[in-house]
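K.L.:
Structure incoming, see below.
Please treat every number below as a calculation from the coordinates, not as lab data. This is a predicted model, so every value here is computed, not measured. FYI the Cβ positions are ideal-geometry reconstructions off the backbone, even for glycines, and counts take in every protein chain you see.
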Amino acid sequence: MKRWNMTLLSVLLLAVGALQSTASALQEPANPPTQQSQPSTRQDPADQSSTMSQGAETQVFSGKIAKAGSKYVLKDSATKMTYLLDDQSQAKKFDGQNVKVTGMLDAQSNTIHVSVIEPGS
């Protein structure tokens, strides 16, 4: 009888251990994220301009220079887009005119970093 009780006790202890392992496994994610496998997406604000110039290409935009509030913008009638121009003094010279703007677009702020503004056709 003692031997049977010992066997039953052993089986119960094994079952309890197995249940605890299963409950623990269900509470933890199957593939916990690690610092090494996921690159950091945080960026120092001082580095944003260098990142933009690395990924951005110089483009040519066509449209009309107009004033939006106190700022000059480029209104592209073909795409119905309006872009803020970072060189306000150059843009002011072409107020109300059709132009071609060469520069790099910062898509986050919808701002063209102007290289050249020239009369359009």
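K.L.:
Of Ala91, Ala107, Ala68, which is farthest along the charge dipole of segment 56-119 in the positive direction, counting Lys and Arg as +1 and Asp and Glu as -1 at C-beta?
P.N.:
Most positive-ward Cα: Ala68.
K.L.:
Where a Cα-Cα gap under 19 Å defines reach, which lysines qualify for Lys100, not counting those fewer than 8 residues away within the same chain?
P.N.:
Counting by Cα, and skipping residues close in sequence, Lys100 has these lysines nearby: Lys64, Lys67, Lys71, Lys75, Lys80, Lys92.
K.L.:
Place a +1 charge on the Cβ of each Lys and Arg in segment 62-121 and a -1 charge on the Cβ of each Asp and Glu, then give the dipole magnitude about the Cα centre in debye, rounded to the nearest 20.
P.N.:
My answer is approximately 240 debye.
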